[in-house]
Amino acid sequence: MKGRGTRRHIPMRLCLGCEESKPKRELVRIVRTPDGLVELDLTGKRSGRGAYVCPQESCLEKAAKGKRLDKALGKEIGPEVLAAIREKIARARGVTLG
């Protein structure tokens, strides 16, 4: 009977923008590294404090505007860091901003 009827557990995470619970693989992780840098973590495995958002610019903007991203990472995030994260998300999706 081993293996019959078993389903894999799908880890769920909450998007800080739209506040919907979605499978972890559908979201992107933003991480505050132990050095204090805030970066996009496309692998989801970097060490540090992480927060998740949908890979749409609108969710990133909502999370930043409502200070939910700052609170989740325990650090104020400047506009230049948000711009870099926005650009990396767009590149990961294959979209050019302009």
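Remark on the chain: ratio of C-alpha radius of gyration to 2.2 N^0.38 Å is 1.19. Listed from fewest to most Cβ neighbours within 10 Å, the set Thr33, Thr6 follows the order Thr6, Thr33. In plain terms, the residue of Val38, Val53, Val81 with the fewest other Cβ atoms within 10 Å comes first and the most crowded comes last, giving Val81, Val38, Val53.
So if I average 1/r over every pair of distinct C-alpha atoms in the stretch 43-98 and take the inverse, what Kirkwood radius in Å does that give? Answer for the stretch 43-98: a Kirkwood hydrodynamic radius of 12.0 Å. When every alpha-carbon pair in the stretch 1-58 is counted, what percent end up more than 17 Å apart? The answer is 47 percent, as a whole percent.
As a rough footprinting exposure proxy, the listed residues Arg8, Arg29 were ranked by other beta carbons within 10 Å of their own, and the order from fewest upward is Arg8, Arg29. Taking amide H atoms as placed 1.01 Å from N in the peptide plane, the amide H of Cys18 lies under 5 Å from those of Cys54, each 5 or more residues away in sequence or on another chain.
Between helix 79-93 and the chain there is an angle of about 40 degrees, using the helix long axis and the longest principal axis of the Cα atoms. Each peptide in 20-26, 56-62 gets a packing score, the mean of other Cβ atoms within 10 Å over its residues, and the list from highest to lowest is 56-62, 20-26.
No lab work stands behind these numbers, since they all come straight from the coordinates. Bear in mind the structure is a predicted one, so any value in this text is a computation, not a measurement. Neighbour counts are summed over all protein chains in view; Cβ atoms, including those assigned to glycine, are modelled from backbone coordinates with ideal geometry.
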